[in-house]
Structures are given as structure tokens and as C-alpha cells.
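Working notes for the structure below.
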Amino acid sequence: MTSTPTASTGHRDGYVPFPAEAAATYRDAGYWSGRPLGDLLRETARRAPDRPALLDGATATSYADIDAAADRLANGLLALGLAPGDRVVVQLPNVPEFLTVLFGLLRAGIIPVLTLPAHRRAEIEHLAALSEAVGYVIADRLGDFDYRELAASVRERVPSLRHVLVLGDAGDFTDLAEVPRDGAAPLPAIDPSDIALMLVSGGTTGLPKLIARTHDDYVYNATASAAICELTEHDVYLATLPAAHNFPLACPGILGTVSVGGAVAFVTDPSPESAFAAVERHRVTVTAVVPPLAQLWSAATDWEEADLGSLRLLQVGGAKLAEVNAREVGPALGVTLQQVFGMAEGLLNYTRLDDDTDLICTTQGRPLSPADEVRVVDAAGDDVDPGAEGELLTKGPYTIRGYYRAPEHNARAFTPDGYYRSGDLVRRLPSGHLVVSGRIKDVINRGGENVSCDELEEHLLAHPAVRHAAAVGLPDAALGEKVCAVLVVDGDMPTLAEIKTFLTERGLATYKLPDLLRQSDRLPVTAVGKIDKKALRG
Ligand code: OOB
């Protein structure tokens with residue numbers, strides 16, 4: 001007799017669950033619907049089997065076909081010996097197979113650990129060891145990077161890793177296409193309060209942390225986001241940012257689009273040339289980008305010829321979009337701009353589609369859910385006056401209560417009553433919209449005066465020659481730290497004296513003026529494309 005497999009509980013060691021009382025509230029209020037994440041695809045496939053789920057080149061794959069492929073892969077993975085509750089590191093570029101792999105794992109109750117294509121040995125080894133991953137799914141190569149070499153070295157160092165599954169030329173490993181597709185193993189019953197998948201923190205210090213998201217919370221994350229963005233089955237979502245990142249995955253992203261029966265397309269190269277061609281070809285209506293990319297796309301409309309007429313909504317988030325840039329995006333690309341201030345830990349803030357232009361261009365949105373609890377506090381942890389700057393603390397129906405297997409860090413990163421300390425400095429407007437003013441730690445201490453990097457960068461960007469700007473503190477014998485501005489410019493590099501005059505005319509205090517300027521061709525970026533301050537400080 002075959003019995004339905006259930007997950008062993010090992011994967012829950014080191015998981016911080018929602019307290020029972022909070023969980024009951026979220027369930028009773030309907031935020032948690034009790035559905036496994038894999039059912040988002042199942043439900044759409046039942047309702048609209050023939051609608052296109054995936055657009056790739058000239059091919060459209062239907063919901064029914066993707067649904068069946070996910071089941072077959074789930075069966076095959078179980079037949080290979082993987083078990084519900086196991087963790088599998090997934091590191092794929094933005095290829096169509098991402099969708100089947102993700103849903104295949106979810107259907108088998110196997111927990112994907114979603115890493116980014118730009119992660120390298122230090123991160124993958126750490127994440128595989130921390131999650132005690134038994135599997136690692138990669139593509140053979142991307143550009144001139146060979147993931148099989150990375151897998152070989154990770155496998156040597158992480159004893160739990162038994163299966164390396166490769167999309168493309170598998171070499172010594174297992175070809176993903178050869179995972180048995182005729183397995184008859186029954187798919188496990190999924191507990192919706194259990195861990196669905198793990199995201200990697202975008203944290204600015206130390207090694208990345210694992211963020212375990214439950215079926216209940218992530219279904220809500222994706223479906224409520226789809227509602228805010230008014231996604232319908234007529235929408236086509238382009239995964240421009242790495243698909244494993246929370247923003248393109250579920251805000252509303254790929255999962256939100258699947259939940260309403262829209263179509264998803266992928267690009268591995270987010271440059272205007274490649275992304276605009278994809279927009280034109282697939283009649284893309286929605287996509288999400290980080291601010292440097294939004295700027296590049298806006299500028300590129302001057303020279304790229306592609307027809308972007310289908311695009312209705314451009315979501316920009318992941319880092320602060322300066323007001324000057326925000327004002328350009330909508331008119332340049334002919335879209336509604338939506339600012340999204342989110343975090344893999346949970347809380348999402350969106351400007352609403354019908355917010356007025358000033359709100360859209362000067363704020364980073366307001367919380368997604370009526371059940372999101374947001375506090376803005378001072379250094380002592382007390383609520384600041386309305387409208388004043390402070391650190392954002394939050395808890396709610398889709399915000400974690402602790403990182404996975406990180407008890408010491410959790411003691412600092414969460415308050416005793418369960419709020420996540422975001423480290424983000426914000427001001428809250430009477431409408432509930434938040435204005436992000438920096439990171440607690442992204443401050444230069446110049447002879448005892450605090451200079452907010454974000455504030456200085458915003459002023460630098462207003463200079464007509466400055467395309468990108470980053471302010472960093474450099475060690476200084478006299479001052480402790482001095483202010484260095486790294487600039488990417490169009491045309492001639494302004495002199496330090498010119499920049500100082502410009503900033504002074506904008507009313508900036510003298511102690512905030514840069515002590516030195518550096519010119520750069522490009523600023524270093526993180527795995528998802530945000531400006532990498534850590535690397536700049538070197
Ligand atoms: C998103 O998620 P993460 O986990 O990569 O990074 C989160 C951090 C936030 O704590 C904040 O410091 C920064 O990135 N951030 C923003 C921002 N959006 C994120 N800072 C200023 N303005 C914004 N609009 O980056 C993320 C996750 C889901 C949706 C969107 C972004």
C-alpha cells in the first residue's frame with residue numbers, strides 16, 4: 001500500500017513560527033487562505049487550461065502544460081530519492097524552466113532555497129550548508145561563468161549535498177531533463193502553515209541570511225500584490241530582475257501573474273536592447289526594475305526604437321529612486337510608475353495606481369495590507385512624533401518572526417514582541433505613505449557630525465552632469481571619516497569646487513559637502529543590481 005508522504009520535521013529546526021495567536025488572527029481575517037503555494041498554478045490551470053502561462057520566443061506554453069510538467073517533475077524528484085521537507089538550492093538564470101522547477105519542487109513539498117545567478121562560492125556554500133541542502137539546481141553556464149565548476153566545489157565542502165541537477169550540458173552531474181518523468185509517487189499533502197520556500201536576505205552586513213516563507217504568507221504576498229497592481233489574465237509580466245528575488249517573484253511578479261492567469265516571460269539580460277525587444281515581442285504590460293535600471297531605460301528611449309506601447313506599469317524598487325529620476329520615468333517610457341519599498345523579510349509598500357503624481361514621485365508607497373503593523377521609532381525604541389524620521393519596525397501577516405537558524409542575530413534583529421527591525425530610516429506621512437531617508441548604518445560620521453548618504457546622493461543626482469552618485473565615508477586621521485562622493489557623469493566631470501557650490505546653493509550644510517570626488521565609469525552593484533556600498537567602501 002502506498003501512503004501519502006508527509007514532511008519529516010527536520011526542516012523546521014531553527015524555524016521561527018508565527019505565534020499561534022497571531023496565526024489564528026490572520027486565518028480568521030482571511031489573510032491566510034490555507035492554500036499551498038503550488039495551488040496557485042493548479043487553480044489557474046483548472047480555470048483556464050488553454051491560456052498561455054509562459055511566453056518564450058515564438059512559443060506559448062499553456063497553463064495545463066506547465067501544470068502537468070510541474071507534477072511530473074515533482075514525481076521524478078521524489079523518485080530520485082528526494083523527500084518532502086528537504087532543501088534544494090536553486091540557482092538558475094531567468095530561463096522559462098525556472099517556472100517548472102519552482103512549481104515541481106513546491107508540489108513535492110521540497111523547499112527551494114532561491115539564490116541569485118550572481119552568487120558565488122562564498123554565498124552558495126554558506127547557504128547550502130546552513131540549509132543542509134541535499135540538492136542544487138543549476139544551469140550549465142551563463143555568459144562565461146560555469147556553474148558546474150561552482151557545484152563541484154560546493155559539493156566537496158557541503159556533505160549533505162547529494163544531487164546536482166543541471167539544465168543544459170550536465171557533465172558529471174544529473175541532467176535535469178533526465179529526472180524520471182514517469183514516477184507514480186503520490187504527491188505529499190502540504191500543510192499551508194509550513195515553510196514553502198527560502199529567500200536570501202539582501203542584508204548589507206555579513207553573510208546572507210535565510211528567510212523561510214510559509215505557503216500561507218507567500219500566497220497572500222503574491223495575491224494581495226496582484227490585486228494592488230490590478231493584474232488580470234490579460235497582463236503579461238516580464239521577469240527582468242533575477243526571478244529568485246522576492247520582487248520579481250511575488251510582488252506581484254511571477255507568482256501574482258500565475259494566480260490571475262496572466263502570462264510570464266523571462267529575459268536574462270535586462271539591458272534596454274534586450275528587455276525592450278522582449279516587451280515588444282510579448283506585448284509585456286508590467287515589469288519591475290531597480291532604480292539604476294529605471295534610469296537607464298528612461299535614457300534609452302532616446303535611441304532604442306522598440307515599441308513599448310503595451311507597457312502599462314513599471315515598478316521601481318529595491319533602493320531609493322531619487323525624485324528627479326522618478327519624475328522622468330513615467331513620461332519617458334509612457335507608463336504608470338509604481339514605487340515599491342519591500343524586503344525579503346516581508347513588508348511591502350506600494351504607491352497605488354491612482355495616487356497623484358507627487359505622491360508617486362516623492363514617496364516609496366504605503367503598506368500592502370491593512371494588517372501590516374508599522375512603527376517608526378527613535379534610537380531608544382520609542383515612537384517618534386508623526387512625520388519625524390526614525391527606524392521602521394514592522395510585523396504582519398507576511399513578515400517573518402525570525403531568520404532561519406540564526407538565534408543570536410534574531411535577538412538583535414527582532415524586538416521581544418515580534419517586530420522586525422528593518423534598519424531603514426523613514427518618515428510617515430498622514431496618508432500612511434513612507435518616505436525612505438536612508439539606512440541606519442549608511443551614515444558618515446564626519447568629526448562627530450552625521451551625514452546621511454542618501455540625502456547627499458539625492459542632492460548630487462540633481463546636478464545635470466551626474467548620472468549615478470554614491471556617498472561613502474573614508475577613514476580620516478583628523479575627522480574619523482571624511483565624505484567621498486563617487487560620481488558617474490555624462491560629459492565633463494565637475495570639479496570639487498563646482499560640486500560644493502552647487503550643493504551649497506541647494507541649501508546643504510557645510511559639514512555635509514564632499515571632501516573629495518571620484519569619477520567612475522560604473523558603480524559596483526549587488527546580485528540584484530542595487531548600488532553596492534560595501535564594495536565601494538572596499
Ligand atoms: C527588496 O528586498 P531586499 O530584501 O533585497 O532588500 C530590502 C532592503 C530594504 O530594507 C531597504 O533598505 C531597501 O532594500 N529598499 C529600498 C526600497 N526597496 C527596498 N530602499 C529605498 N526605496 C525603496 N523603494 O529590495 C524588495 C523586495 C520586494 C519588493 C521590492 C524590493
**OP:** Report the residue count in the range 473-484 for those that are in contact with a strand residue (DSSP E or B) (Cβ under 6 Å, 6 or more places away or on another chain), modelled with pLDDT under 95 and of a type outside the set (D, E, K, R).
**Re:** 4
Original post:
Just for the range 337-365: of the residues that are of a type in the set (D, E, K, R) and within 16 Å of the ligand (Cβ to nearest atom), which one is farthest from Leu199 (Cα to Cα)?
Top reply: Asp355
Subject >> the range 278-294, residues that are within 16 Å of the ligand (Cβ to nearest atom) and out of contact with any Gly (no Cβ under 9 Å at 6 or more places or on another chain) >> reply: Thr287, Ala294
**OP:** Among the candidates Ala275, Ala265, Ala212, single out the residue that is closer than 27 Å to Gly396 by Cα, of a type outside the set (Phe, Trp, Tyr) and either away from the ligand (no atom under 13 Å from the Cβ) or crowded, with 23+ Cβ neighbours inside 10 Å (or both).
**Re:** Ala212
Original post:
Does at least one position in the range 104-116 carry a residue that is farther than 22 Å from Arg35 by Cα and modelled with pLDDT of 95 or more?
Top reply: yes
**OP:** Output the residues belonging to the range 435-455 that are within 15 Å of the ligand (Cβ to nearest atom), outside any strand (DSSP E or B) and out of contact with any Cys (no Cβ under 8 Å at 6 or more places or on another chain).
**Re:** Ile440, Lys441, Cys453, Asp454, Glu455
Original post:
Can you list the helices (runs of 4 or more DSSP H) found entirely within the range 198-263 that contain at least 2 residues being β-branched (Val, Ile, Thr)?
Top reply: 215-228, 253-260
**OP:** Could you grab me the full set of residues in the range 83-95 that are among the aliphatic types (A, V, I, L, M) and closer than 22 Å to Ile211 by Cβ?
**Re:** Val88, Val89, Val90, Leu92
**OP:** Those residues that are in contact with a Lys or Arg (Cβ under 8 Å, 6 or more places away or on another chain), assigned to a loop (DSSP other than H, G, I, E, B) and at negative phi, I need them from the range 116-142; list them, please.
**Re:** Ala133, Val134, Asp140
**OP:** Report, by residue number, each residue of the range 295-336 that is part of a loop (DSSP other than H, G, I, E, B) and within 16 Å of the ligand (Cβ to nearest atom).
**Re:** Gly318, Ala319, Lys320, Leu321, Ala322
**OP:** State yes or no: is Gly30 assigned to a loop (DSSP other than H, G, I, E, B) and surrounded by fewer than 14 Cβ atoms within 10 Å (Cβ to Cβ)?
**Re:** yes
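For (1) at pLDDT 95 or above; (2) within 16 Å of the ligand (Cβ to nearest atom); (3) in a loop (DSSP other than H, G, I, E, B); (4) out of contact with any Ser or Thr (no Cβ under 6 Å at 6 or more places or on another chain), each residue gets a yes or a no:
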residue: Val486; (1), (2), (3), (4): yes, no, no, no
residue: Met493; (1), (2), (3), (4): yes, no, yes, yes
residue: Ala497; (1), (2), (3), (4): yes, no, no, yes
residue: Lys500; (1), (2), (3), (4): yes, no, no, yes
residue: Gly507; (1), (2), (3), (4): no, no, yes, yes
residue: Arg518; (1), (2), (3), (4): yes, no, no, yes
residue: Gly529; (1), (2), (3), (4): no, yes, yes, yes
Original post:
On the given criteria, is Val260 among the β-branched types (Val, Ile, Thr) and surrounded by fewer than 24 Cβ atoms within 10 Å (Cβ to Cβ)?
Top reply: yes
Original post:
Just a yes or no: is a residue in the range 370-381 within 12 Å of the ligand (Cβ to nearest atom), in a strand (DSSP E or B), touching a Gly at 6+ places or on another chain (Cβ under 6 Å) and touching a residue at least 24 places away in the same chain (Cβ under 8 Å)?
Top reply: no
**OP:** Considering only the range 295-311, state which residues are in contact (Cβ under 8 Å) with a residue 40 or more places away in the chain and under 20 Å from Ala265 (Cβ atoms).
**Re:** Ser310
Original post:
Which number in (1) surrounded by fewer than 19 Cβ atoms within 10 Å (Cβ to Cβ); (2) at pLDDT 95 or above marks the one condition that Gly206 misses?
Top reply: (2)
Subject >> Meets criteria (at negative phi, surrounded by 14 or more Cβ atoms within 10 Å (Cβ to Cβ) and out of contact with any strand residue (DSSP E or B) (no Cβ under 6 Å at 6 or more places or on another chain)) for Ala371 >> reply: yes
Subject >> In the range 391-420, residue farthest from the chain's Cα centre (by Cα) [restricted to those that are of a type in the set (S, T, N, Q) and farther than 24 Å from Thr362 by Cβ] >> reply: Thr415
**OP:** Enumerate the pairs (first residue in the range 419-437 and in contact (Cβ under 8 Å) with a residue 12 or more places away in the chain and under 15 Å from Asp378 (Cα atoms); second residue anywhere and among the polar types (S, T, N, Q) and more than 12 Å from the ligand (Cβ to nearest atom)) with beta-carbon separation below 9 Å, excluding pairs fewer than 6 apart on the same chain, so at least 6 apart or on different chains.
**Re:** Arg421/Thr415; Leu425/Ser452; Ser437/Ser452
Subject >> Residues located in the range 45-93, provided they are in contact with a Lys or Arg (Cβ under 7 Å, 6 or more places away or on another chain) and under 15 Å from Ser259 (Cα atoms) >> reply: Ser62, Tyr63, Asp67
Subject >> Options Leu353, Leu348; residue that is hydrophobic (A, V, I, L, M, F, W, C) and part of a loop (DSSP other than H, G, I, E, B) >> reply: Leu353
Original post:
Of the residues Tyr218, Tyr147, Tyr237, which single one is at pLDDT 95 or above, touching a strand residue (DSSP E or B) at 6+ places or on another chain (Cβ under 9 Å) and over 30 Å from Leu313 (Cβ atoms)?
Top reply: Tyr147
Original post:
Quick check, is Gly423 within 20 Å of the chain's Cα centre (by Cα), within 14 Å of Met343 (Cα to Cα) and part of a loop (DSSP other than H, G, I, E, B)?
Top reply: no
**OP:** Report whether or not Asn450 is among the polar types (S, T, N, Q), in contact with an Asp or Glu (Cβ under 9 Å, 6 or more places away or on another chain) and exposed (fewer than 14 other Cβ atoms within 10 Å of the Cβ).
**Re:** no
**OP:** Any chance you could count how many residues in the range 49-88 are free of Cβ contacts under 8 Å to residues at least 40 places away in the same chain and in a helix (DSSP H, G or I)?
**Re:** 7
**OP:** Evaluate the range 470-479: report whether one residue or more is within 30 Å of Pro248 (Cβ to Cβ), within 16 Å of the ligand (Cβ to nearest atom), hydrophobic (A, V, I, L, M, F, W, C) and surrounded by 18 or more Cβ atoms within 10 Å (Cβ to Cβ).
**Re:** yes
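The values are calculated or read from the model by the stated rules, or taken from the named source; none is laboratory data. Note that this is a predicted model, so its numbers are computed, not measured. Note that we place each Cβ from the backbone using ideal geometry, even for glycine, and neighbour counts take in every protein chain shown.
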